[in-house]
Amino acid sequence: YPGLHNVNRAGTSLLVGSEPEGEEAFRKLKELGVQTIVSVDGAQPDLALAKKYGLRYVHIPIGYDGISRESALAMARVAKEAKGLTYVHCHHGKHRGPAAAAVICLAAGTATKQEALDLMKRAGTGKDYIGLWRDVEAFKPPEKDEVLPELTESAKVESLAAAMAKLDRHFDHVKLLAKSDWKTPKEHPDLVASAEALLVEEGLTESLRNCDPKADAKFTELMSQSIKSAAELREAIQKNDAVKAKQLMEVVTQSCTRCHAEFRN
């Protein structure tokens, strides 16, 4: 479809894919019978084009590290209220979007737990996104007395400072794993080196993608360098190349330190 990528169907009332790109994408969604678009991406939805084609937008931004109960309850409200065909998207339609679509299906009772997980597999959700798989598998429909959050077409997205604080947490985990030769420490059985490195890479990528378009050119350059180094670090860990991973860990650390010195400190 024009402007739509990695589109997958989940049952008869749900589609999941990439962020709609341009007017052709919104026109196509309308032609397909979509009435509601759900974005779980951090970027603000294109409300103008959606309204032009009579489409309702719901914005429930989530991270790559999992789906909070509040976000899951908002998705359950989508399942309860949405009429007709619903299109769920993140950025590329591979990780967060399919996980959200899986939760909506579970909340609506239109998929079994295995079918929800199969949807994520079909969409190509990375196994290293442990939190997404964990929270879909652990999802339980709302209790009768649980209050479902109000839905909004444009949610307030966390600031760059808040995003960086979350990123720091994952980077601290990577440092801890580096000291354990990239093996899961006994005192932290929940940590997996490749997964934490991936969350650092994605955290940097999302922070740069959603920052002010007028941001200092030097800042965007340093962030881009950090993303490249973080990706190389993640690849080295996945290949079990401990020596190269240690070297790249130094590169990433120096890159972040330099950026902090110029733009945070």
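The values are calculated or read from the model by the stated rules, or taken from the named source; none is laboratory data. This structure is a prediction, so every number in the text was calculated from the model and none was measured. Virtual Cβ from ideal backbone geometry, glycine too; neighbours counted across all protein chains shown. Just the protein is used for accessible areas: all its heavy atoms, side chains included, with ligands, DNA and RNA removed. Shrake-Rupley method; radii C 1.70, N 1.55, O 1.52, S 1.80 Å.
Would you kindly state how much longer the chain becomes between residue 169 and residue 235 on full extension, computed as 0.36 nm times their sequence separation minus their alpha carbon distance, in nm to one decimal?
On the way: separation 66, 0.36 × 66 = 23.76 nm, distance 2.03 nm.
Extra length from residue 169 to residue 235 when fully extended: 21.7 nm.
Only helical DSSP H runs with n ≥ 4 go in: add -39500 (n - 2.57) per run for the chain, normalise by residue count and round the 222 nm mean residue ellipticity to 500 deg cm²/dmol.
Numbers: 10 runs with 143 residues, N = 265.
Per the formula, -17500 deg cm²/dmol.
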If you count, for each residue, the other Cβ atoms within 10 Å and average over each peptide, how do 95-106, 252-263, 8-19, 148-159 line up from highest to lowest?
-> 95-106, 8-19, 252-263, 148-159
Using alpha-carbon positions, what is the distance between the centroids of the range 125-204 and the range 216-265, in Å?
-> 19
How much accessible area per residue does the range 1-130 have, in Å², with a 1.4 Å probe?
-> 41
For the range 147-231, what is the per residue volume of the convex hull drawn over the alpha-carbon atoms, in cubic angstrom?
-> 130
